[in-house]
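Enquirer: Input: one structure, supplied below.
The values are calculated or read from the model by the stated rules, or taken from the named source; none is laboratory data. The model shown is predicted, which means the values in this text are computed figures rather than measured ones. Cβ sites come from the backbone with ideal geometry, for glycine too, and all protein chains shown count toward neighbours.
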Amino acid sequence: MTQPSDIPSKSPKPDGRVARGEITRARVLDAAERCFAATGFDAVSIRQIAAESGVTLGVVGFHGGSKEELFRTVLARRTETLNRLRRESLAQLRANESVTLEDLIDAYITPYLDIASRGDPQWRAYAQLIARLVSDDRYYPEMKDRYDPVALEYLAAIAELYPKADPQLMATALVLTVASMISIVASNLRIDGLSGKPAPRTPLGYRKVLVDFCAGGFRRAIE
């Protein structure tokens, strides 16, 4: 008599509905990201996001919730990637015996420059969105819990190099460093215009000058 254990087990078939749902959700989030980047949070409507993603209002609500929830989700999916890369870079530096301020600044800004240089239009939209948000204090509560924990880890590492540095000056220098990074990613057209010659085509092309500029200003501010 055949026992249940003798019957070959069958692997469950992939649920096509789940896969299609994930694709649709990604499309909704991508559309929301582009809309928020183009005109800002206040000017965007759920109807506009639905039109941009090619789905109904109900589908947007099902996959994204309210406009506020969509906004938070759009921010979260990118910051998770950036935070992971920055923490990995910091862990690698801490494994070395000698770490410089330039090393720490490079580890903090390069993941953002690298991702923004890959040609992905969605990361480009995200960079444009962040450029909007950092100039408006209304959004700091949303940004604080997502970005500040990793920023504080880097500030702690810098404080190990400069134990007598004023914490407020260090925080100011880091915020100015981030502003420089965001500016380079958002646009380089003015650099072309002022220099009269073609500038690097990708944000990563500014890596060295940005690290040198930010490290020099950082060091001068805190020493």
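Enquirer: For the range 181-207, which positions are surrounded by 18 or more Cβ atoms within 10 Å (Cβ to Cβ) and of a type in the set (Ser, Thr, Tyr)?
Expert: Scanning the range 181-207 gives a single hit, Tyr206.
Enquirer: Identify, from the list Val28, Val60, the residue that is touching a Gly at 6+ places or on another chain (Cβ under 6 Å), crowded, with 19+ Cβ neighbours inside 10 Å, in a helix (DSSP H, G or I) and in contact (Cβ under 8 Å) with a residue 24 or more places away in the chain.
Expert: On the way: Val60 fails: touching a Gly at 6+ places or on another chain (Cβ under 6 Å).
Within the list Val28, Val60, the selection yields Val28.
Enquirer: Outside the structural domain of Ala173 (by TED's automatic domain parsing) and free of Cβ contacts under 8 Å to residues at least 12 places away in the same chain: does that describe Ala51?
Expert: Values: outside the structural domain of Ala173 (by TED's automatic domain parsing): yes; free of Cβ contacts under 8 Å to residues at least 12 places away in the same chain: yes.
It is true that Ala51 is outside the structural domain of Ala173 (by TED's automatic domain parsing) and free of Cβ contacts under 8 Å to residues at least 12 places away in the same chain.
Enquirer: Please state which one of Glu22, Glu69, Glu80 is farther than 21 Å from Met143 by Cα and either of a type in the set (Asp, Glu) or in the same structural domain as Leu155 (by TED's automatic domain parsing) (or both). Lay out the reasoning, then the answer.
Expert: Values: Glu69 fails: farther than 21 Å from Met143 by Cα; Glu80 fails: farther than 21 Å from Met143 by Cα.
It is Glu22.
Enquirer: Tell me the residue from Leu174, Leu210 that is at pLDDT 90 or above, closer than 18 Å to Ile115 by Cβ and surrounded by 14 or more Cβ atoms within 10 Å (Cβ to Cβ), please.
Expert: Details: Leu174 fails: closer than 18 Å to Ile115 by Cβ.
That would be Leu210, the only listed residue that is at pLDDT 90 or above, closer than 18 Å to Ile115 by Cβ and surrounded by 14 or more Cβ atoms within 10 Å (Cβ to Cβ).
Enquirer: If Met143 satisfies every condition in (1) surrounded by fewer than 19 Cβ atoms within 10 Å (Cβ to Cβ); (2) under 17 Å from Cys214 (Cβ atoms); (3) of a type in the set (A, V, I, L, M) but one, which is the exception?
Expert: (2)
Conditions tested, residue by residue: (1) farther than 30 Å from Ile158 by Cβ; (2) assigned by TED's automatic domain parsing to the domain that holds Tyr154; (3) without any contact (Cβ under 8 Å) to a residue 24 or more places away in the chain; (4) outside any loop (DSSP other than H, G, I, E, B).
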site: Phe36; (1), (2), (3), (4): yes, no, no, yes
site: Arg47; (1), (2), (3), (4): yes, no, yes, yes
site: Glu88; (1), (2), (3), (4): no, yes, yes, yes
site: Asp103; (1), (2), (3), (4): no, yes, yes, yes
